1. Having 1 or more residues that are in contact with a strand residue (DSSP E or B) (Cβ under 6 Å, 6 or more places away or on another chain) and surrounded by 15 or more Cβ atoms within 10 Å (Cβ to Cβ) is the bar; report the helices (runs of 4 or more DSSP H) wholly within the range 265-340 that clear it.
2. Just to be sure I understand the filter: pairs with C-beta atoms under 8 Å, separated by 6 or more residues or on different chains, first member in the range 228-252 and without any contact (Cβ under 8 Å) to a residue 24 or more places away in the chain, second member in a loop (DSSP other than H, G, I, E, B) and crowded, with 24+ Cβ neighbours inside 10 Å. Which pairs pass?
3. Looking at residue 189, is it crowded, with 20+ Cβ neighbours inside 10 Å and either out of contact with any strand residue (DSSP E or B) (no Cβ under 9 Å at 6 or more places or on another chain) or over 27 Å from residue 132 (Cβ atoms) (or both)?
4. In the range 114-125, is there at least one residue being buried (at least 19 other Cβ atoms within 10 Å of the Cβ) and within 30 Å of residue 40 (Cβ to Cβ)?
5. Here are some residues: 179, 168. Which one is crowded, with 16+ Cβ neighbours inside 10 Å, touching a residue at least 12 places away in the same chain (Cβ under 8 Å) and under 29 Å from residue 30 (Cα atoms)?
6. Collect the residues in the range 245-258 that are over 17 Å from residue 319 (Cα atoms) and either modelled with pLDDT of 95 or more or surrounded by fewer than 20 Cβ atoms within 10 Å (Cβ to Cβ) (or both), keeping them in residue-number order.
7. Residue by residue through the range 154-203, note down the ones that are under 15 Å from the mean Cα position of the chain (by Cα) and within 19 Å of residue 108 (Cα to Cα).
């Protein structure tokens with residue numbers, strides 16, 4: 001059954017989906033699947049409640065993130081991303097680009113830790129497997145965010161299986177792409193305020209499969225493009241903001257669509273913290289192309305055609321492209337051969 005269309009009417013808020021419906025028998029599952037298709041076919045974003053991650057866990061995550069950003073700059077620079085060929089750890093404010101423009105944020109990137117690839121003939125994107133740089137000045141950060149990654153992974157796996165069923169495929173159709181080596185990434189992000197506001201993060205689409213974002217309570221700034229309208233996405237208590245990336249667009253021939261989104265910097269005197277979690281396949285895995293039921297196939301819009309941003313089904317290719325563009329200083333230091 002095709003999802004109900006939201007494109008024909010303007011909206012001013014994202015839909016809210018309750019993951020606990022999946023435990024409510026067939027009727028609850030059908031309801032969740034229908035809402036999931038409607039949200040991600042037409043908008044690409046939704047709020048998720050009923051996910052089972054308690055408020056104490058998210059409060060603990062924000063507390064440790066806040067303590068990390070409060071460290072002296074010298075401690076944060078001990079784990080600066082410039083030290084990491086895998087594009088891991090700390091980036092100071094203004095150190096990342098989106099669409100060639102400076103993002104007004106500081107952050108630390110914490111990815112899944114797989115052994116470095118030692119095969120010289122392997123694709124270049126395999127260089128992205130490797131260790132994190134953990135700050136010695138805040139040892140508890142590692143335990144808190146390893147736990148956060150495990151909690152988010154369980155929720156993400158439920159969502160992937162729900163999408164598979166809603167799209168008319170077996171529940172495990174995406175499982176082989178993730179295998180035992182999924183590429184997960186957590187960002188701890190701090191947006192400092194400034195008088196001119198402007199670009200916290202520029203308009204972009206995520207290069208992977210699924211993003212789960214937890215926003216500090218009471219801190220607006222995220223905006224999602226729907227049609228020609230930018231929709232404000234304020235945080236809801238204990239709710240994730242979920243969006244799909246370009247790999248789900250690839251898997252469904254555009255029936256599910258990756259969506260442009262951005263963050264506006266806070267006003268002067270304020271700050272905003274957020275914790276996005278990215279759930280993606282192994283670097284060398286290719287997501288399957290889903291055989292859609294006829295009604296859904298007729299509504300598939302095809303892949304976005306952008307010569308400057310070609311979408312492929314292999315996650316490592318998409319990720320490496322995004323990393324080289326976002327962090328040209330790291331790329332120049334560790335991957336100059338790829339820039340040539």
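1. Numbers: elements: 294-299, 315-326, 328-334, 336-339.
Filter on the range 265-340 gives 315-326.
2. none
3. Details: crowded, with 20+ Cβ neighbours inside 10 Å: yes; either out of contact with any strand residue (DSSP E or B) (no Cβ under 9 Å at 6 or more places or on another chain) or over 27 Å from residue 132 (Cβ atoms) (or both): no.
Against the criterion (crowded, with 20+ Cβ neighbours inside 10 Å and either out of contact with any strand residue (DSSP E or B) (no Cβ under 9 Å at 6 or more places or on another chain) or over 27 Å from residue 132 (Cβ atoms) (or both)), residue 189 does not qualify.
4. Of the range 114-125, the ones buried (at least 19 other Cβ atoms within 10 Å of the Cβ) are 125.
In the following step, the residues that additionally are within 30 Å of residue 40 (Cβ to Cβ) were identified as 125.
Yes, that holds for at least one residue.
5. On the way: 179 fails: crowded, with 16+ Cβ neighbours inside 10 Å.
The conditions single out 168.
6. Step one: filter the range 245-258 for residues over 17 Å from residue 319 (Cα atoms), giving 252-257.
Those that are over 17 Å from residue 319 (Cα atoms) and either modelled with pLDDT of 95 or more or surrounded by fewer than 20 Cβ atoms within 10 Å (Cβ to Cβ) (or both): 252, 253, 254, 255, 256.
7. The answer is 183, 184, 185, 186, 187, 188, 189, 201, 202.
Residue by residue, here is whether (1) under 18 Å from residue 220 (Cβ atoms); (2) under 17 Å from the mean Cα position of the chain (by Cα); (3) in contact (Cβ under 8 Å) with a residue 12 or more places away in the chain holds:
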residue: 254; (1), (2), (3): no, no, yes
residue: 271; (1), (2), (3): yes, no, yes
residue: 275; (1), (2), (3): yes, yes, yes
residue: 281; (1), (2), (3): no, yes, yes
residue: 293; (1), (2), (3): no, no, yes
residue: 296; (1), (2), (3): no, no, yes
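The values are calculated or read from the model by the stated rules, or taken from the named source; none is laboratory data. This is a predicted model, so every value here is computed, not measured. Note that we place each Cβ from the backbone using ideal geometry, even for glycine, and neighbour counts take in every protein chain shown.
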